[in-house]
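Enquirer: I'd like to ask you about the structure that follows.
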Amino acid sequence: MNTSATTRIGLRTIALGYLLVLIGLPIGVILYRTFEPGLATFYASISTPAAISALNLSLLIVGIVVPINVVFGVFTAIALVRWRFPGRGVLQAVVDLPFAVSPVVVGVALIMLWGAGGWFGAIEGTGFRVIFGLPGMVIATIFVTLPFVVREVEPVLHEIGEDQEQAASTLGASRWQTFWRITLPAIRWGLTYGVVLTVARALGEFGAVIMVSSGFPGVSQTLTLLVHARYIDDHNTYGAYAAATLLMGIALLVLLLMTVLDRKRSDR
Amino acid sequence: MITVSNARKQYGTFTALDDVSVEIPRGSLTALLGPSGSGKSTLLRSIAGLEGLDSGVVTIAGRDVTKEPPQRRGIGFVFQHYAAFKHMTVRDNVAFGLSIRKRPKAEIARKVDDLLEIVGLEGFQHRYPAQLSGGQRQRMALARALAVDPEVLLLDEPFGALDAKVRADLRTWLRRLHDEVHVTTVLVTHDQEEALDVSDRIAVLNRGRIEQVGDPVTLYDRPANDFVMGFLGSVATLGDQLVRPHDIVLTRDRAVALAEDAKVPGSPGVIEAVVERVVRLGFEVRVELRADSGERFAAQITRRDAFDLELHTGETVFARAAHRSSVIEIDPALAI
C-alpha cells in the first residue's frame, strides 16, 4: 500500500498527539509544578516526617508482599503446569480474579471478612488489628498483585517441559534439589519479570489500600495515600505534586530495571 | 540384569502394557522395538521409575525396585530430546549426578574429564548446550548418565531427533562404547535397522505385549509370527505365505522352478506371475509382479540375476522361495 506523505504525517501527528495529551501532559505538568519552586523545596516536601513514613510504609509493604508472592506464585504456577488435581480449572480462574475485580471491591470484602463483626473479626479482640492496620494493607496488596508471578512463570514452565527435571531425578536429585538446581534457574527470567510487575503494582495500589487503612499521617499512610491526603484533605497541592513525583520516580526506576532485564533476557 | 514381571499399565482406556514379562541379561545391549503406541517407551520408563506400574514387579541387579523412586534405582537415563540442563556448561551437566552425591571436587573433575574424552567432547567443557550440535548434546547426555556409574543405562529413542547421517555415526559409536563400558543397556527404538545394527538382543513389542525376544539373527530369520516378520523387514506374499522379497527366486522355466522347489520342505510352492515393472536400485533390482490370483508382490534380486533373466514388463516368470528362507504362514484370521 502506498500512503502519501500527508497521510503518514497526519497519522503520526494523531498518534503522538494522543500520547502527549493523555500521558505526556499530565506527567509534564506534575514535574513542572514540582520543580518550579526549586530542588530545595521539593526535597523539603518529601522529607517531612509524614512523607518519610509514607515512603517507608510503601517499601515495607512491597518488602513483605514480594517474598510472599514469589513463594506462592511459583508454587501455584508449578501446581497449575505440572500437577493434575481436581479443582485445577477453578484455581486457574481464581488466579485471574484480581485482574477482573476492582480494588475497591477487594477493600470492602476485606472489611467484611476481617473487620469488627466480620467472619474473622473476633481476631481484633486478641489485639491483632487487620483492618486499619498493616496486615490489612498487606493482604489487600497481595490480593491485587497475586496474578503477576503466577502468570509470568507459568508459560516458562510450560516451555521448558519436564525432561530436565526428570533427568535430574534419574541422576539422584531429590525434588528439592531439582527445584533449586534445575527448575528455579530455568524460570528465573520469568520470575524476575513477575517480581518487577508486582513491585510496580504494589507501590501504586490505592483503591484497596485506602479502604483498609486508617490513613493517619506518619502511621498508616502509604505514598499513594499521602498524595491523596495532601491534595484532598490538606489542600496542600504542592505537597501532593512532590509526593506524586517521588512515587513516579520509584516506578520509573522499576520500569527501567524491567526494560534492562527484558533486553538481557532477549539477548539469551 | 533387569527383570520385569507381569507389568500392567493403563492410561484411561488405553492399555500401554498388557502383562509384560521380560528379562534383560547383565551386560547386554537390548533393544525394545515396536511401532508407536506399542508400549516400548512406557516399559523403559517403568524400569526407570519415571512411570509407575498399575501392577507388576521390576528388579534391577536382583533388587526389587518397583516401589523405589528413580533416584534410588541406580539407573542412567537418556532422553530423546537430550534434556540438557540449558543453564549449565557441558562440564556442570556431566558433573551433576556426582555433585548431588557430594563427591570430592578432585574426583569429580577427573571423572568428568575421563567421560568427556570417552564421548569425544574434550575441549567443550565450558560450552553451553545451546552451542552444541544435536549429536554432541546427546553424547553429553550419555556422559552425564554414565557419570553416576549406573547399574543399567536406559536410552529412550536416543537418536530419534537427529538426522540420518549423525544417527548412523552415533549408532556405531554407541555399539563401540558399550563394548568398552559393558553396562547393561536398554534402548527404545521404532527403527528396525537401528535395532538390528546396534543391539545383541531385541524384544519386539506390539499393542502392549511382547511378541518375541531373541538375538537379531533369530528374529530376522525365524520370526515367531507375521507381525515380527513384517516389522523387522519388508515382506512379500507368496501364495498363502509371507516371504522376504530377497528370498524370492525368479525363473523363466516352470519345470526348473518346480524341480528346485521340491527340495524346499514346506515351501509356498511355485507361483506364476507377470512382470509389471522392473526398478533398478543400484546394486539390487526390484521386480514388481502380479500373481495369477491378482495378488501383487515384489521380489528383490541381484543385478547379475536381473541381467541373466533379461526381464521385461508383461513377461511371465515363476517365483518360489529360496532354500532356508524365512517363511511364515499367513494367519487366516488376519488375512485381508
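Enquirer: Name the single residue that is surrounded by the fewest Cβ atoms within 10 Å (Cβ to Cβ) among those in segment B:97-135 being at positive phi and without any contact (Cβ under 8 Å) to a residue 12 or more places away in the chain.
Expert: Looking at the filtered set, the residue picked out is B:LYS102.
Enquirer: Now a separate question. Being more than 14 Å from chain B (Cβ to nearest Cβ), farther than 24 Å from A:SER102 by Cα, assigned to a helix (DSSP H, G or I) and among the small types (Gly, Ala, Ser): is that true of A:GLY136 here?
Expert: No: the conditions fail for A:GLY136.
Enquirer: Only residues that are out of contact with any helix residue (DSSP H, G or I) (no Cβ under 8 Å at 6 or more places or on another chain) and facing chain B (nearest Cβ under 8 Å): list them for segment A:162-178, please.
Expert: Scanning segment A:162-178 gives a single hit, A:ASP163.
Enquirer: Filter segment A:11-33 down to the residues that are of a type in the set (Val, Ile, Thr) and under 23 Å from A:ALA242 (Cα atoms) and list them by number. Explain how you work it out, then say what you get.
Expert: Pass one, segment A:11-33, residues of a type in the set (Val, Ile, Thr): A:13-14, A:21, A:23, A:27, A:29-30.
Listed by number, the residues that qualify are A:VAL21, A:ILE23, A:ILE27, A:VAL29, A:ILE30.
Enquirer: While we're on this one: Looking only at residues in segment B:136-159 that are within 16 Å of B:PHE77 (Cα to Cα) and free of Cβ contacts under 8 Å to residues at least 40 places away in the same chain, which one is surrounded by the fewest Cβ atoms within 10 Å (Cβ to Cβ)?
Expert: B:ASP149
Enquirer: Kindly indicate the residue of segment B:66-83 that is closer than 18 Å to B:VAL148 by Cα and more than 26 Å from the chain's Cα centre (by Cα) and also surrounded by the fewest Cβ atoms within 10 Å (Cβ to Cβ) among those meeting that condition.
Expert: Among those residues, the one meeting the criterion is B:ARG72.
Enquirer: Next question, about the same structure. Can you find even one residue in segment A:179-198 that is away from chain B (no Cβ under 14 Å) and either in contact with a strand residue (DSSP E or B) (Cβ under 9 Å, 6 or more places away or on another chain) or more than 27 Å from A:LEU252 (Cα to Cα) (or both)?
Expert: No - not one qualifying residue is present in segment A:179-198.
Enquirer: A follow-up question, please. Going by the structure shown, is A:VAL212 crowded, with 20+ Cβ neighbours inside 10 Å and β-branched (Val, Ile, Thr)?
Expert: Details: crowded, with 20+ Cβ neighbours inside 10 Å: yes; β-branched (Val, Ile, Thr): yes.
Yes.
Enquirer: Can we say B:LEU17 is touching a helix residue (DSSP H, G or I) at 6+ places or on another chain (Cβ under 9 Å), in a loop (DSSP other than H, G, I, E, B), surrounded by 15 or more Cβ atoms within 10 Å (Cβ to Cβ) and not hydroxyl-bearing (Ser, Thr, Tyr)? Steps first, please.
Expert: Numbers: touching a helix residue (DSSP H, G or I) at 6+ places or on another chain (Cβ under 9 Å): yes; in a loop (DSSP other than H, G, I, E, B): no; surrounded by 15 or more Cβ atoms within 10 Å (Cβ to Cβ): yes; not hydroxyl-bearing (Ser, Thr, Tyr): yes.
So B:LEU17 does not fit the description; no.
Enquirer: Right, A:THR224: modelled with pLDDT of 90 or more, within 16 Å of the chain's Cα centre (by Cα) and surrounded by fewer than 22 Cβ atoms within 10 Å (Cβ to Cβ) or not?
Expert: When the stated conditions are applied, A:THR224 passes them.
Enquirer: Which of the residues spanning segment B:52-88 are charged (D, E, K, R) and more than 14 Å from chain A (Cβ to nearest Cβ)?
Expert: B:ASP54, B:ARG63, B:ASP64, B:LYS67
Enquirer: Out of A:GLU154, A:GLU159, report the one residue that is acidic (Asp, Glu) and either under 20 Å from the mean Cα position of the chain (by Cα) or over 30 Å from B:GLY49 (Cα atoms) (or both).
Expert: When all the criteria are applied, what remains is A:GLU154.
Enquirer: Kindly provide the set of residues from segment B:151-160 that are in a loop (DSSP other than H, G, I, E, B) and among the charged types (D, E, K, R), ordered by number.
Expert: B:GLU151, B:GLU157 - these are the residues of segment B:151-160 that are in a loop (DSSP other than H, G, I, E, B) and among the charged types (D, E, K, R).
Enquirer: Scanning for something touching a residue at least 60 places away in the same chain (Cβ under 8 Å), β-branched (Val, Ile, Thr), under 30 Å from B:PHE14 (Cβ atoms) and out of contact with any Cys (no Cβ under 9 Å at 6 or more places or on another chain), does segment B:160-183 turn up at least one residue?
Expert: no
Enquirer: Could you grab me the full set of residues in segment B:89-98 that are more than 8 Å from every other protein chain (Cβ to nearest Cβ) and either in contact with a helix residue (DSSP H, G or I) (Cβ under 8 Å, 6 or more places away or on another chain) or charged (D, E, K, R) (or both)? Spell out how you get there, then give the answer.
Expert: Step one: list which residues in segment B:89-98 are more than 8 Å from every other protein chain (Cβ to nearest Cβ), which gives B:89-95, B:98.
Hits for segment B:89-98 are B:VAL90, B:ARG91, B:ASP92, B:ASN93, B:VAL94, B:ALA95, B:LEU98.
Enquirer: Which one is farthest from the chain's Cα centre (by Cα), of the residues in segment A:169-216 that are outside any helix (DSSP H, G or I) and over 23 Å from B:LEU50 (Cα atoms)?
Expert: Going through the qualifying residues, I end up with A:PHE216.
Enquirer: Hey, another quick one. Which residues, taken from segment B:29-58, are surrounded by fewer than 19 Cβ atoms within 10 Å (Cβ to Cβ) and not acidic (Asp, Glu)?
Expert: Answer for segment B:29-58, where residues must be surrounded by fewer than 19 Cβ atoms within 10 Å (Cβ to Cβ) and not acidic (Asp, Glu): B:PRO35, B:SER36, B:GLY37, B:GLY52, B:SER55, B:GLY56, B:VAL57.
Enquirer: Helices (runs of 4 or more DSSP H) wholly in segment A:36-111 with at least 2 residues that are buried (at least 20 other Cβ atoms within 10 Å of the Cβ) and of a type in the set (Gly, Ala, Ser) - which ones?
Expert: Hits in segment A:36-111: A:49-82.
Enquirer: Among the candidates A:SER58, A:SER53, A:SER45, single out the residue that is small (Gly, Ala, Ser), within 15 Å of the chain's Cα centre (by Cα) and under 30 Å from A:PRO217 (Cα atoms).
Expert: Numbers: A:SER53 fails: within 15 Å of the chain's Cα centre (by Cα); A:SER45 fails: within 15 Å of the chain's Cα centre (by Cα).
Answer to the check: A:SER58.
Enquirer: Does at least one position in segment B:180-192 carry a residue that is within 30 Å of B:GLY269 (Cβ to Cβ), out of contact with any helix residue (DSSP H, G or I) (no Cβ under 9 Å at 6 or more places or on another chain) and not in a helix (DSSP H, G or I)?
Expert: no
Enquirer: A:TYR231 - would you say it is among the hydroxyl-bearing types (Ser, Thr, Tyr), in contact with a Leu (Cβ under 9 Å, 6 or more places away or on another chain) and more than 18 Å from A:ASN56 (Cβ to Cβ)? Explain how you work it out, then say what you get.
Expert: Details: among the hydroxyl-bearing types (Ser, Thr, Tyr): yes; in contact with a Leu (Cβ under 9 Å, 6 or more places away or on another chain): no; more than 18 Å from A:ASN56 (Cβ to Cβ): yes.
In short, no.
Enquirer: I'd like the full set of residues that are among the β-branched types (Val, Ile, Thr) and part of a strand (DSSP E or B), limited to segment B:266-298.
Expert: B:ILE271, B:VAL274, B:VAL275, B:VAL278, B:VAL279, B:VAL285, B:VAL287
Enquirer: Select from segment B:99-150 the residues that are within 25 Å of the chain's Cα centre (by Cα), assigned to a helix (DSSP H, G or I) and within 14 Å of chain A (Cβ to nearest Cβ) and list them in ascending order.
Expert: Matches in segment B:99-150: B:ARG137, B:GLN138, B:MET140, B:ALA141, B:LEU142, B:ALA143, B:ARG144, B:ALA145, B:LEU146.
The values are calculated or read from the model by the stated rules, or taken from the named source; none is laboratory data. All of these numbers come straight from a predicted model, not from anything done at the bench. We place every Cβ from the backbone using ideal geometry, glycine too, and count neighbours over all the protein chains shown.
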